[in-house]
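Colleague: Quick one: this structure, given as structure tokens, is what I'll be asking you about.
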Amino acid sequence: MPELPEVETIVRDLRPVLVGKKIVTFKVTKQRLLKNPLGQFKKFMIGATIFSVGRRAKLVLIGLSSGYTLLIHLKMTGQLVWRGSSGKIRLGGHPIVGVAAVPNRYTYITLGLAGGGKLYFNDVRTFGYFQLVKSELLAKHHLKFGPEPLTKNFTAAVLRQRLHGHPRVSIKAALLNQAVLAGLGNIYVDESLFAAGLKPSRRVGKLKSAEFIKLWSSIKQILSQAVRTRGTSFNNYRDGFGRKGTYWEKRWVYGRRGEPCRRCSRPISRTVLAGRGTHYCSNCQR
DNA sequence: CGGAGTGTTAGTCG
DNA sequence: CCGACTAACACTCC
């Protein structure tokens, strides 16, 4: 599930309940999900206090008083669920159909917090990971990512400059590349390209100046709308406040193969590009 | 039952 | 450099 808008939603929901809490236990039942030795996690997490919860690209960043930052990548199906001592739940990530309780059979990591709250990491496909990085090295670690599309620094000129190094790549593959631009995934690339009127297979080097500008504004518009609607949810996902992510209902092309285009009524096409299911309108997108 | 498809990313091969 | 493909894994849908 999680692309930029979903991770942003998760981070905003979890921040108020996690900041200021001290970690007292750290339990793992699938060590493959840890990118550092278990001993390091125990050493730098247990006893540490959480002082920040943030996001970079699709990573959740949890700043610790031990001088380390915990990086959590949810990949396809990762989910973070917080349960307070009163039993209140907040969660973010992929909904697991029919599995509402935590912990459950997909819970692989549990953080115990002072005061009785717990943070659970569930992951059906187990592609996600936890990684500890020294906070002072975080900036260096983040160099591999392109700019954040919802910040002021992200101008049309920046987008053009980032894409410039990949002239022969399809615009879809380029936008999926986190080194070009951080945070877009399969859904929002398809949606942004529809909004920009660009065929996903268009080569970056063939885009005109006006098309870069249209693409830039489309990316910003689609992503900010998705953040406002708390992201996209398949199935019956609900967040900890009982609300749904509703971008799914607003989508233009993703997952609409064969359905009439909302703009011109011709059927939405689906192909495979850059190894991903790709949805577009062959009439509205050129 | 079998095959296609699923929100990510790192890696290999040609 | 670049894209096609695969692998990591578990599950749903048709």
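The values are calculated or read from the model by the stated rules, or taken from the named source; none is laboratory data. Everything numeric here is computed off the predicted structure, so don't read it as measured data. Cβ sites come from the backbone with ideal geometry, for glycine too, and all protein chains shown count toward neighbours.
Colleague: Out of all the residues in region A:53-81, which are outside any strand (DSSP E or B) and either within 20 Å of A:K43 (Cα to Cα) or not assigned by TED's automatic domain parsing to the domain that holds A:P103 (or both)? Write out each step before concluding.
Modeller: Of region A:53-81, the ones outside any strand (DSSP E or B) are A:57-58, A:65-67, A:74-77.
If the condition is that a residue be outside any strand (DSSP E or B) and either within 20 Å of A:K43 (Cα to Cα) or not assigned by TED's automatic domain parsing to the domain that holds A:P103 (or both), then A:S65, A:S66, A:G67 are the ones that fit.
Colleague: Looking at (1) more than 25 Å from A:R270 (Cα to Cα); (2) assigned by TED's automatic domain parsing to the domain that holds A:G275, which is the one condition that is false for A:A173?
Modeller: It is condition (1) that A:A173 fails.
Conditions tested, residue by residue: (1) over 27 Å from A:R257 (Cα atoms); (2) of a type in the set (F, W, Y); (3) not in a loop (DSSP other than H, G, I, E, B).
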{"residue": "A:L137", "(1), (2), (3)": "yes, no, yes"}
{"residue": "A:G146", "(1), (2), (3)": "yes, no, no"}
{"residue": "A:F154", "(1), (2), (3)": "yes, yes, no"}
{"residue": "A:K172", "(1), (2), (3)": "no, no, yes"}
{"residue": "A:A179", "(1), (2), (3)": "yes, no, no"}
{"residue": "A:L184", "(1), (2), (3)": "no, no, no"}
{"residue": "A:I187", "(1), (2), (3)": "no, no, yes"}
{"residue": "A:L193", "(1), (2), (3)": "no, no, yes"}
{"residue": "A:P200", "(1), (2), (3)": "no, no, no"}
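Colleague: Would you point out the residue of region A:157-173, among those that are crowded, with 18+ Cβ neighbours inside 10 Å and within 12 Å of A:L215 (Cβ to Cβ), that is nearest to DNA strand B (Cβ to nearest atom)?
Modeller: Residue satisfying both the conditions and the ranking: A:K172.
Colleague: Please go through region A:82-114 and give me each residue that is part of a loop (DSSP other than H, G, I, E, B), of a type in the set (V, I, T) and at pLDDT below 80, ordered by number.
Modeller: A:I96, A:V97, A:V99
Colleague: Would you check which residues across region A:253-267 are touching a His at 6+ places or on another chain (Cβ under 6 Å) and away from DNA strand C (no atom under 16 Å from the Cβ) and list them?
Modeller: If the condition is that a residue be touching a His at 6+ places or on another chain (Cβ under 6 Å) and away from DNA strand C (no atom under 16 Å from the Cβ), then A:V253 is the only one that fits.
Colleague: Another one. Can you tell me which residues in region A:175-206 are within 13 Å of DNA strand C (Cβ to nearest atom) and under 15 Å from A:A156 (Cβ atoms)?
Modeller: Of everything in region A:175-206, those that are within 13 Å of DNA strand C (Cβ to nearest atom) and under 15 Å from A:A156 (Cβ atoms) turn out to be A:L175, A:V180, A:V204.
Colleague: How many of the residues making up region A:221-262 are more than 10 Å from DNA strand B (Cβ to nearest atom), at pLDDT below 90 and on the phi > 0 side of the Ramachandran plot?
Modeller: Number satisfying all stated conditions: 2.
Colleague: Hey, another quick one. Could you tell me whether A:L176 is within 15 Å of the chain's Cα centre (by Cα) and more than 15 Å from DNA strand B (Cβ to nearest atom)?
Modeller: Spelling it out, it is not the case that A:L176 is within 15 Å of the chain's Cα centre (by Cα) and more than 15 Å from DNA strand B (Cβ to nearest atom).
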